[in-house]
Amino acid sequence: MNRRSFAQSVGGAVALSALVRSSVLGESSSETPGKIMAITAHPGDGLFTMGASLAQQINRGGKGVLLSLSLGEKGAPKDIPAQRYGEMQRTATDKAVHLLGAEAKFLTYPDAEIPFNEEITLAVSDVIREQRPDVIVTHWNGSWHKDHQNCYLIVRDAVFYAGLETLTLNRPPHSVSKIYYADNWEDANNFVPDTYLDIETVRDKWLEACDFYPMWRGQTGFFRYNDYYSALTTMRGCLSGFKHAVALMSDAGQRVVRSRSL
Ligand SMILES: [Zn+2]
């Protein structure tokens, strides 16, 4: 059994070495990877759950950008003022994306109060039109966290607005080829991965990038992000036939296969 048939045997999933534009995912790993954009509610989510995908895309010759809708400042421990903590997270993100060869963008909406409205949706749409990604990775909506749920909704509509030829914004329209949802312990409700990305060559660098964050080793709360997310790549690797992997869930619209034979 080869890697692909093994992955298919565990739920019809596909195993990839990069995220690409082609609609036939299993056949497309030789294509040049395009630009990937991670859109996250909080900077930590971005690096911990989407950072390895960014790193892998860049390592394969693509480009990457991370857009955070807030600075995640309300995750501050008692002894650090929220505003200062937010700046610590911004600094950590700048260092982390620099290490991965990506770029960071921030919209700085208040943490825990990220709205879902036309203003933020158009702001995200403008960044999509500016950055022109082929692939977007973002939060799945099965989350207990309202910011994560709103991020999902914002991205859904921002992608629509970005590609709408008849909607005049500051920049020309841009259509995103694919949307994937990230494997996040806070967004686990009905998360069913169907795509496994081999991250072996970038795993060490990604773990090093995550270590810039003040909460990565559980310093600011109860959750040990480092143990969870590093172990998760081992578990997802077991399921996909890779040593270490990241699992992603495709947007429902791109799971449709058009074929003249089976
Ligand atoms: Zn979060």
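The values are calculated or read from the model by the stated rules, or taken from the named source; none is laboratory data. These figures come from a predicted structure and were not determined experimentally. Virtual Cβ from ideal backbone geometry, glycine too; neighbours counted across all protein chains shown. Protein only, heavy atoms only, side chains kept; ligands, DNA and RNA dropped before computing areas. Shrake-Rupley method; radii C 1.70, N 1.55, O 1.52, S 1.80 Å.
Taking region 233-262 as the range and being hydrophobic (A, V, I, L, M, F, W, C) and surrounded by 19 or more Cβ atoms within 10 Å (Cβ to Cβ) as the test, the residues that pass are F242, A245, V246, A247, L248, M249.
Of the residues making up region 76-106, just one is aromatic (F, W, Y) and in contact with an Asp or Glu (Cβ under 7 Å, 6 or more places away or on another chain), namely Y85.
Results for (1) closer than 14 Å to T138 by Cβ; (2) assigned to a loop (DSSP other than H, G, I, E, B); (3) away from the ligand (no atom under 12 Å from the Cβ), shown as yes or no for each residue.
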position: T32; (1), (2), (3): no, yes, yes
position: I36; (1), (2), (3): yes, no, yes
position: G44; (1), (2), (3): no, no, no
position: T49; (1), (2), (3): yes, no, no
position: A55; (1), (2), (3): no, no, yes
position: I58; (1), (2), (3): no, no, yes
position: L71; (1), (2), (3): no, yes, no
position: K74; (1), (2), (3): no, no, no
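Does region 147-165 contain any residue that is of a type in the set (D, E) and either assigned to a loop (DSSP other than H, G, I, E, B) or open to solvent by 10 Å² or more (accessible area, probe 1.4 Å) (or both)?
Looking for residues that are of a type in the set (D, E) and either assigned to a loop (DSSP other than H, G, I, E, B) or open to solvent by 10 Å² or more (accessible area, probe 1.4 Å) (or both), one finds at least one in region 147-165, hence yes.
Quick grid of which residues meet (1) touching an Asp or Glu at 6+ places or on another chain (Cβ under 9 Å); (2) more than 21 Å from P133 (Cα to Cα); (3) away from the ligand (no atom under 16 Å from the Cβ):
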site: L164; (1), (2), (3): no, no, yes
site: T168; (1), (2), (3): no, no, yes
site: R171; (1), (2), (3): yes, no, yes
site: H174; (1), (2), (3): yes, no, yes
site: D183; (1), (2), (3): no, no, no
site: N189; (1), (2), (3): no, yes, no
site: V192; (1), (2), (3): no, yes, yes
site: T195; (1), (2), (3): no, no, yes
site: D198; (1), (2), (3): no, no, yes
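Looking across T108, T91, one residue alone is assigned to a loop (DSSP other than H, G, I, E, B) and open to solvent by 50 Å² or more (accessible area, probe 1.4 Å). It is T108. Do the conditions hold for G26, that is, is it modelled with pLDDT under 95, farther than 25 Å from A231 by Cβ and in contact with a strand residue (DSSP E or B) (Cβ under 7 Å, 6 or more places away or on another chain)? So G26 passes the test.
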